[in-house]
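Everything on this sheet refers to the single structure shown next.
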Amino acid sequence: MENILDVFGIDWKLLIAQGVNFTILLVGLSYFLYKPVLKILNEREKKIADGVKAAETAEKAAKDNQAAHDTIVTSAHKEAETIVARGEEEAKKEKSVLLKTAQKRAEAVVADARLEAEELKRRSAKESEKEVARIATLAAEKILKEQS
């Protein structure tokens, strides 16, 4: 076997030394590099998994909040519709009351105006009678003066 190594120009002592060096390097790299990198990768993987869980929890919470929001908005719309309907109903009642009151006032004003018109007519007729009587008296006096 030495002949084969000599043929290819390989020194077996140097080969063993290189094997020992490679083994030392391999052990050193695995201890100082491979294990810490593996540890960092495992920590990152854990952080990513925690982040995914947190995202899923947040998404679920967002869906729950959205459902609660939708429920609140729906109930608020229903309540608003009820309030508006109640307001419209009260407005109709108030309108009816105001119209009745206004109609009664208008009827009272018309009745008062008729009474005043009748009173004015009666006074005018009375004054006219007095004026006619006065004119008749003056005419009678004038006629009597002319005849005398």
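The values are calculated or read from the model by the stated rules, or taken from the named source; none is laboratory data. These numbers come from a predicted model, not from an experiment. Cβ coordinates were reconstructed from backbone atoms using ideal geometry, including for glycine residues, and neighbour counts include every protein chain displayed.
Just a few scattered comments:
- Among the candidates A133, A68, A125, A139, the residue that is aliphatic (A, V, I, L, M) and within 60 Å of the chain's Cα centre (by Cα) is uniquely A68.
- Exactly one residue among I48, I83 is under 24 Å from the mean Cα position of the chain (by Cα), of a type outside the set (G, A, S) and modelled with pLDDT of 95 or more, and that residue is I83.
- Single unsatisfied condition, I10 versus (1) surrounded by fewer than 10 Cβ atoms within 10 Å (Cβ to Cβ); (2) β-branched (V, I, T); (3) assigned to a loop (DSSP other than H, G, I, E, B): (1)
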